[in-house]
1. Could you sort out which of A:LYS134/A:LYS183; A:LYS103/A:LYS376; A:LYS376/A:LYS625; A:LYS620/A:LYS746 sit more than 31 Å apart by Cα distance in this structure?
2. Just want the answer: with Cβ charges of +1 for Lys and Arg and -1 for Asp and Glu, which residue in A:ILE72, A:LEU110, A:GLN61 is farthest toward the dipole's positive end in segment A:43-120?
3. Counting Lys and Arg as +1 and Asp and Glu as -1, each charge on the Cβ, what is the dipole of segment A:43-120 about the Cα centre in debye, to the nearest 20?
4. If every alpha-carbon in segment A:43-120 counts as one equal scatterer, what log10 I(q)/I(0) does Debye give at q = 0.17, 0.20 1/Å?
5. Can you give the mean number of other chain Cβ atoms that lie within 10 Å of the Cβ atoms in peptide B:327-334?
6. Indicate the helices, whole DSSP H runs only, in chain B that combine a mean Kyte-Doolittle hydropathy of 1.6 or more with a Cα extent along their long axis of 27 angstrom or more.
7. Quick one: order A:TYR917, A:TYR309 by neighbouring beta-carbon count within 10 Å, fewest to most.
8. Projecting each Cα onto the charge dipole of segment A:43-120 (Lys/Arg +1, Asp/Glu -1 at the beta carbon, about the Cα centre), which of A:GLY90, A:SER46, A:ASN119 comes out farthest on the positive side?
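Every read-out reported here was derived from the displayed coordinates using simple, explicitly stated rules and does not represent laboratory data. All figures in this text were calculated on a predicted structure; none of them were measured in a lab. Here Cβ is always computed from backbone atoms with ideal geometry, including for glycine, and neighbour counts include all displayed protein chains.
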Amino acid sequence: TFSTGLGRFIYKKRVGTRTVLVGHRPVSETDAYVAQKFCDNRIVSSKYTVWNFLPKNLFEQFRRIANFYFLIIFLVQVIVDTPTSPVTSGLPLFFVITVTAIKQGYEDWLRHRADNEVNKSNVFVIENAKQVRKESEKIKVGDIVEVKADETFPCDLIFLASSSPDGTCYVTTASLDGESNFKTHYAVRDTTVLCTHETIDSLAATIECEQPQPDLYKFVGRINIYRSNQEPIARSLGPENLLLKGATLKNTKKIYGVAVYTGMETKMALNYQGKSQKRSAVEKSINAFLVVYLCILLSKATVCTTMKYVWQSNPFNDEPWYNEKTKKEKEAFKVLRMFTDFLSFMVLFNFIIPVSMYVTVEMQKFLGSFFISWDKEMYDEEIKEGALVNTSDLNEELGQVEYVFTDKTGTLTENSMEFIECCIDGHKYKESISEVDGPLKYYGKAEKCREELFLRPSGCLSEPRGFFFPSLKSYQLLHILNFDPVRRRMSVIVRTITGILLLFCKGADSSIFPRVQQDEIQQTKAHVDRNAMDGYRTLCVAFKEFSQEEYDQIDKQLCEAKMALQDREEKMAKVFEDIEANMHLIGATAVEDKLQEQAAETIEALHAAGMKVWVLTGDKMETAKSTCYACRLFQTNTELLELTTKMVGDSERREDRLHELLMEYHKKLLQEFPKNSGGLKRSLVLNQEYGLIIDGSTLSLILNPSQDSSSSNYKTIFLQICLKCTAVLCCRMAPLQKAQIVRMVKSTKGSPITLSIGDGANDVSMILEAHVGIGKEGRQASRNSDYAVPKFKHLRKLLLAHGHLYYVRIAHLVQYFFYKVRICIHLTQFMFFLPLTIKSIKPLYDAAYLTMYNICFTSLPILAYSLLEQHINIETLTSDPQLYMKISDNAMLQWKPFLYWTFLGAFEGLVFFFGVYFLFQNSSLEDNGKVFGNWTFGTIVFTILVFTVTLKLALDTRFWTWMNHFVIWGSLAFYVFFSFFWGGVIWPFLKQQRMYFVFAHMVTSLSAWLAIILLIFISLFPEILLIVFKNVRRKAQVRTAYAPCTLLSYFS
Amino acid sequence: MAVNYSAKEDADGHPSGGLGAAGGGAAKTRKPDNTAFKQQRLPAWQPILTAGTVLPAFFVIGLVFIPIGIGIFVTSNNIREYEIDYTGIEPTSPCNKCLNVSWNSTPSCTCTINFTLDHPFESNVFMYYGLSNFYQNHRRYVKSRDDSQLNGDNGSLLNPSKECEPYRTSENKPIAPCGAIANSMFNDTLVLYRIDNETRIPIHLNKKGIAWWTDKNVKFRNPSGDANNLTALFQKTTKPVNWPKPVYMLDSDPDNNGFINEDFIVWMRTAALPTFRKLYRLIERKNNLQPTLEAGQYSLDITYNYPVHSFDGRKRMILSTISWMGGKNPFLGIAYITVGSICFFLGVVLLIIHHKYGNRNTSADIPN
């Protein structure tokens, strides 16, 4: 029932089937066997090889707008005679490119290493009746592979024979789909006896199977077994015959299997999604701003070029006698000259898009991420692991999360079952024993109930464990009636020492109660209901006694059903149904899949922070539901909307039924939330009204409806329902379906930021799909994740405190950078030759200042700010989740704040320029009547600029550590020192000694001092004023809003 | 493709797997240090700009800025300044005949302008020439110089920088000083007379001390060699195209000749704006009893060499006294007074708002 289109995105469907020769032995000469080519068993996750690294990496890097732009600018500077030196833009670009290349190369080397580890691991292949040790990557389709207990299957195998005589083996697929229970797989019936090297080698058979496809639960194939002088026997193969790569063999000594899918064609590899580079919303904002600035840049350059030529159309402006053109300039074509002028303007303005910003942002992210791994509150004493940061690119995204997708088992829960209590015939017993999740539990249960039965007369169950193991030996296990989700119960048939045949059945109350004597239910039911209310998983236990005749008959039925080739499942189910009837209820147990520490509090905090929490699990619906209740994802007042197989049914009409359900829910929700739902998007989630439960098969029905086109809008309706529910639970999800859900939410309107957290390999695809992936430390998911934390509870601090701070820091960093670079430098530069002098392209400042500006004078304060700033302290952030909503929707990088910063910069540019312009109406500013020239003009403007920009940051800093003091005042001191130094020496390597003593002269002029102080003050004045106004307003708001606010946070 | 590696590392299924070993060994290193920096708990000053702290600051700034502004304004107003435009655009102007001079016109055109000073100039008087619509800040112009040549480097003297093009060589000889700036050096001669009872008394104009000390003594140097024989030093070079005479004949005083001629140095400090003034001469005060320039009739003799009409420029002669803040410029004073007043005014407004807000707020609490 799973989706057929699961792997649409990564897997191209190939028609036809593949034929595999078992052991590569040709079976008959008559069959024309066309050798098919299959890929080898090598896993490749690396991106580069030694040879293609350089070109491929460079190509990828220059695909970024910014890098490409800088490259162009650099080339223009090299080719055309431009006002600034190519070194100014070439050096930083080279630096950025190199650092990135090294980083990516290192990451790829790690991938290579990990690939090798898997590809070179040893496996045993049977060749010529001998066991041959081979490297995993050498396995070819058709090889017979031997796998021992607790080993992982190296590729997808058809199960041929096992060490256990009945031809079964137990397998755990925890790393594939997260289900940690043991599954039984069956060998091909006719080959079960071939359980030695020699015999297996004699097998002559071909396997025909479908081409690889990613659905883990689907497999169709046929095996043809050839025996000498006999017609070949054909047996059908199903998923129960297929052992998947990545799964682990358990409780079985060894098995033989033949490889059918290898390497990148295994189901696991097909389920894996390439780790694509994740881009944060901040980076997208930067890119948007960049595009805007590029447009400004282009228009500026165009305007400047036009103005220049209009101005130059007057011959005495173009070439006055005092300023003749060189021969080369005269000879150049006019169009070409215009073009080079245009390019020169572009280059002159290229500081608009600062390379240094990228360097600073990268550094901030890299250094900033250490604070996450250094956080001792996210260190777990038990597993001795702290948080781990795999990608530093997404720090700020942690502050923007809107949807949290979490795995259940192992993430919300500890994945260990704890026995809470049991009741036997209405008597309640309580102990504290714990059991591990796994098959042992099932046996344990079955066994235990025997004990219960056994011990019933004594009415005491003091040490069940003590009795449990010894008593195990005293029974002979005859049959296991396996668990399946439809029956939702399992049974064992045993023979006691005394020869009594007993059947014990355990299962969900809903499936047991109808099958026992009605009069026995009453007492137990009360217990069960109470336990269920408490969020425990309840199991009811019943028994039945057989006579020998009855047993013989059952035995026969079971064997028949098991061997059936067609409709095996159905037949089995029918037999089970017959057997498990008219039982006697013994009692019920309550176990708790213990929730992780503070899981419920964390979920509440996330809800309060305006995030929506979805639980995606491969687990059963009932279990998942009870967990959701336990961790308060669903609360008692939550109205649950169910879209499950149970509700929809399994009949032909299920699509119609689904349609009805969808419509009904949709209508219901629409009434609840009238049209203004846009505003509600992240509003306070006060009362959790609706929760949605959906399971995998229904989901696939919705997402991939059968040809009926009218149902194609299911998806949108479903999405609308989902988005209006505060909590969503998706159960029985395949790994790719988890990713599908994430992708679906991700691509909704407004593209919300999603976060996935999980611990198993089944979560890897959704971790990769989400904007931010969080793995649990120490598990394999952490390797593919962007961050890893030891416990679910650490999500709270990670998002609410770290995420919030990182976002505020980087947003401020970006805005500040655009502000300080673009506006200040360029506005002044631009104006210098537009309205007043309209002269050719001449930078206002000395080249050394230009280069140093971003690198030395103003970079460290903002870096320190972006690492240390805590505008609200961490404790407050963690304890008040509602603060998180303040920065939601990328609030600090929207156009409004962007415009504010731009106007601020424009204003300051105007102030600087016109202030100094008016000052220079009379350029004798010293008391000796000597005059200042254009370099003094530039230096004054630049000094004001450096001081204003730094002091602006000082105004914004709310958290002054000694480091902030040091870098802010240090930068200013350095500027002054540098200016003296730079102007104090005749530099032999410079062609022009422009700055010689310019700064020193400026400092001796009182007028210059007065002007600098005044202009800095005017520039900062609007900012101060704004802060004061905000402060007054906030004070007023706090007074009115504080009371309900605090109340609210206590409630939730 | 970590999915694939995973199974074997999956700690769930293998309690005895690598996790225990790895955990034990790494435990010491993995545990984060409990330092203030790493836990982001550095002691910090957390300032909050409130109305309470900013309001007094506004008043203080207002109270400081306004007096400063008044001081500057008064100082600026006390500066005497007199300006004559001697371009000769108007047909009535005595210099009108010289309007279309070219560089090499011989004999040079001269004209005389009479003017009257209504008020005496008490302290030292500074004589400037001013040019308008002259783009000394043009990029091609600004960089058209060779500072190492001007610094006395013999190599650069004979092989000037490429930046000097097209004023680098002339008649196959290197130009000294090369470049557009030097080539276009201002070469009008201005002589000032006081007319006392129909007699013209020349006023002593000091041509030294008009350039920056560092420029005169460090940045500009004649080529090394016999300082008394500049002609020999510049032997292999030629004069800039527009100059009537070579650089070693700028002045008779060897301390003011060649590259260290102060008029030349002043010219070489390019102006920031197209309308600019440059210091030309100093008129020092003789004694304390007499003003430097008394009120009365004066006449200015101009040797008109410098053509500005072709680029629509203007030439001016400016006489000015100087205060501690430099020449006359009302801008700073007015700006200080304005900003101070705005600060003060906003302080008052904010104070009122602050008080009103507080009062209204307490009363508004109840209905909410």
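1. Pairs exceeding the cut-off: A:LYS376/A:LYS625.
2. Working it through, the farthest residue towards the positive pole turns out to be A:LEU110.
3. Around 200 debye, computed over segment A:43-120.
4. -0.72, -0.87
5. Per residue, the number of nearby Cβ atoms from other chains is 6 on average.
6. B:51-78
7. The order, fewest Cβ neighbours first, is A:TYR309, A:TYR917.
8. It is A:ASN119, whose Cα lies furthest towards the positive end.
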